[in-house]
Amino acid sequence: MFQIGKTIVSEDILDREFVCNLKACKGSCCVEGEAGAPVTLEETKILEKIIDKIKPYLRKEGIKALEKQGLYTTNPIGEFETTLVNDKECAYAIFDTDGIAKCAIEEAYNKGVINFKKPISCHLYPIRIQEYKTLTAVNYHAWPICDEACVLGKALKIPTYQFVKEALIRKFGETWYNELDVAAEEYFSIKNR
Ligand code: SF4
């Protein structure tokens, strides 16, 4: 672990290589798992504001789940998560003709309908953020459904932190990312001595 400002960063996000391989995984992260994606308090308010604009992009099953359970759910420890359809896929998931899961929020964003891309937790994945009182932990999350992303990342030699550069800048800013990049260069030069 090393520190950048008020974040504690795991070396795993430098060491582990990762590039999503949608053909192999079919976007399973929107479908698998026991819970929805983490959503921040600020994002719950954004969802409330933009829901009418997202609706045309959602599946009817998704709309039904959102109407029944709400735009987000709250887990037993009080954290917000995206709503699920029948405890399975995310209510905001849509599927293309190849059966690959995509995000309806992102679809609306790509069409220029809204300016919110998707929850930051989805944007950052496989990096997970844990907020503590004074520090924020930045960790790599291993999930077997992403094994092919590790294979592709290794073939392309792209470390995880570079793969999610846009999301890291969205979360922590450009200056923080540049500091991380410098730290990574130093880390690799020492490691490869
Ligand atoms: S995060 Fe994992 S499951 Fe989701 S699209 Fe990437 S490789 Fe596939």
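The values are calculated or read from the model by the stated rules, or taken from the named source; none is laboratory data. Predicted, not measured: the structure shown is a model, and the values here were computed from it. Methodologically, a virtual Cβ is constructed for each residue, glycine included, from the backbone with ideal geometry; neighbour enumeration extends over all protein chains shown.
Across the range 176-193, the number of residues qualifying as exposed (fewer than 14 other Cβ atoms within 10 Å of the Cβ), among the hydroxyl-bearing types (Ser, Thr, Tyr) and modelled with pLDDT of 95 or more comes to 0.
Scan the range 26-51 residue by residue and report those that are near the ligand (Cβ under 9 Å from one of its atoms), of a type outside the set (Lys, Arg), in a loop (DSSP other than H, G, I, E, B) and surrounded by fewer than 20 Cβ atoms within 10 Å (Cβ to Cβ). Walk me through how you get there before you give the answer.
Step one: of the range 26-51, the residues near the ligand (Cβ under 9 Å from one of its atoms) are 26-32.
After this cut, where a residue has to be of a type outside the set (Lys, Arg) as well, the list is 27-32.
Remaining after also requiring in a loop (DSSP other than H, G, I, E, B): 27, 31-32.
Result: VAL31, GLU32.
Going through (1) in contact with a Ser or Thr (Cβ under 6 Å, 6 or more places away or on another chain); (2) within 16 Å of the ligand (Cβ to nearest atom) one by one, TYR72 falls short only on (2). Would you pick out the residues in the range 6-25 that are within 16 Å of the ligand (Cβ to nearest atom) and not in a helix (DSSP H, G or I)? Result: ARG16, GLU17, PHE18, VAL19, CYS20, ASN21. Selection of the range 134-150 for residues being surrounded by 15 or more Cβ atoms within 10 Å (Cβ to Cβ) and over 15 Å from CYS29 (Cβ atoms) yields THR136, VAL138, ASN139. Sort out which residues of the range 112-167 are of a type in the set (Gly, Ala, Ser) and either modelled with pLDDT under 95 or within 16 Å of the chain's Cα centre (by Cα) (or both), and write them in order of number. Listed by number, the residues that qualify are SER121, ALA137, ALA142, ALA149, ALA167.
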